[in-house]
Amino acid sequence: MLSVVKLGGGTTVDAASLAETARKVAALPGWTAVVHGGGAEITALQERLQIPVKWHEGLRVTSPEGLKVTAMVLSGWVNKRIVQAFADAGVGAVGLSGEDGGLLQAAYARGGALGEVGEIVGVQPDVVYALLTAGYLPVISPVSRGPDGPPLNVNADEAALHLAAGLGATRIYLISDVPGVLVDGSVAETLTPAEARRLLERGVAEGGMAVKLRQALVAADVGVEVAIGGPALLDDFSSGTRILGAHMAAEVA
């Protein structure tokens, strides 16, 4: 079994939460790769440096100066903090970014309208397989290789879901500060592709959750089991919202 765990929100900031999360990830069966975000810390440092923070439809607009901050925070501070948490939990973890080994290849998103922001167009998972087979847990920053070599800022959910699809992963856990996809105030246990698209069209899912859902559909449709929720997912994969792939939705129907 191969799982991808995407860590976001408070799980990467609060030391106690990160330590507990590392222990739970370490206990998952089979191989595991971790992808992480760190948006709050990027925003905080940009504000300290008086670099404008802009968003568009749940995606960060990234200037060249903002990209330097993004790479420093994600591939540096946050990545190594998570690696240390796994080391403290007795797990041999290795930190890398989407740039390393050409792992995640990106093109400019929306024709460059978001600045130095990319969308994944290719996955070369050899470096991840090499680490896994050697007994290491890869911890991956979503900063990815751009079309001409320099990096691009890629949304961590998108990076994680494309990585899961590229690895042929069994499951992906999208962990953040929300318990799942909220529909009329309650967490939806499951969503078929059609139901997820209706939520997007109606604007019920917006911002960061809309990004998660759009990318989750890509992974689910190639056979990856997708769940969105809080850290409780690591104890019970059904505790959040599961996105059913087309084949699974047909079976449910």
For the chain, built as a Gaussian network whose Cα springs stay under 10 Å, the top-fluctuating residue of ASP126, ASP184, ASP14: ASP184
For the stretch 2-252, with +1 on Lys and Arg beta carbons and -1 on Asp and Glu, the positive-most of ALA106, VAL187, PRO29 along the dipole: ALA106
Helix-only mean residue ellipticity at 222 nm for the chain, each DSSP H run of n ≥ 4 adding -39500 (n - 2.57), per residue, nearest 500: -10500 deg cm²/dmol
For peptides 189-195, 66-72, sequence by mean Cβ density within 10 Å, most packed first: 66-72, 189-195
ASP184-ALA40 FRET efficiency (beta carbon distance; Förster radius 25 Å; 0.05 resolution): 0.35
Paramagnetic reach from VAL61 (point 7 Å along Cα→Cβ, amide N under 17 Å) across the stretch 207-223: 207-208
Magnitude of the charge dipole, the chain, Cβ model with Lys/Arg +1 and Asp/Glu -1, debye to 20: 220 debye
Karplus-derived 3J(HN,Hα), 6.51/-1.76/1.60, for each residue of the stretch 229-235, Hz, glycine and proline x: x, x, x, 4, 4, 5, 8
Cα-only Debye scattering, the stretch 59-136: base-10 log of I(q)/I(0) at q = 0.13, 0.15, 0.18, 0.27 Å⁻¹: -0.51, -0.65, -0.87, -1.23
Stokes-Einstein translational diffusion, the chain - Kirkwood Rh over all Cα pairs, 1.002 mPa s, 20 °C, in µm²/s: 119 µm²/s
Max mean-square fluctuation residue, GNM over the chain, Cα-Cα springs under 10 Å, options GLN84, GLN50, GLN215: GLN50
24 Å Cα-Cα reach of LYS54 towards lysines, excluding residues that sit fewer than 8 places from it in its own chain: LYS6, LYS68, LYS212
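Calculate how many DSSP beta bridges within the chain are antiparallel, expressed in % of all such bridges and rounded to the nearest 5.
Around 35 percent of the beta bridges assigned by DSSP in the chain are antiparallel ones.
No lab work stands behind these numbers, since they all come straight from the coordinates. If you're wondering where the values come from, they're calculated on a predicted model, not measured in any experiment. Don't worry about glycine lacking a Cβ; one is built from the backbone with ideal geometry, like all the others, and counts go over all protein chains shown.
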